[in-house]
Amino acid sequence: MIVFSIMNVIAFWILFAVLCVFWGLNLYANWSENKKLIFYSKPTLVPLIIVIYLVNASVLNWLLVVGLIFGFLGDMFLMWKDQKKFFMLGLVS
């Protein structure tokens, strides 16, 4: 039991460090208006948050997970603002 909890703590900090790296990359990409880097860094943030939650939650709240998935889909669709179809899907999700 103690080994499992230590592994959860290690997994949390590794995933949190990866999340911070991608968050920093996303901040830099938005500041420098680097569209290519935004397209790589932005889509990884919410899935990393979902994985951190799934690894560390003792009781899963599936409504929260579904909400994060729809938020991720909305972010993905809104990345293509120039195409009206994707923009509308992003607004709906």
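Backbone phi angles across segment 15-23, fed through the Karplus curve with coefficients 6.51, -1.76 and 1.60 (θ = phi - 60°), yield HN-Hα couplings of 5, 5, 5, 5, 4, 5, 5, 5, 5 Hz in residue order; Gly and Pro are listed as x. List the residues of segment 42-78 whose backbone N lies under 12 Å from a point placed 7 Å from the Cα of ALA11 along the Cα-to-Cβ direction. In segment 42-78, the label zone of ALA11 (backbone N under 12 Å from the point 7 Å along Cα→Cβ) covers 51-58.
In the context of the full protein assembly, PHE12 retains an accessible surface of approximately 60 Å², using a probe radius of 1.4 Å and ignoring ligands and nucleic acids. Using a probe radius of 1.4 angstrom, the carbon and sulfur fraction of the accessible surface of segment 1-71 is 79%.
The values are calculated or read from the model by the stated rules, or taken from the named source; none is laboratory data. Keep in mind that this is a model prediction, so the values were computed, not measured. Cβ: placed from backbone, ideal geometry, glycine included. Neighbour counts: every protein chain shown. In case anyone asks, the SASA skips ligands and DNA or RNA and just uses the protein heavy atoms, side chains included. Shrake-Rupley method; radii C 1.70, N 1.55, O 1.52, S 1.80 Å.
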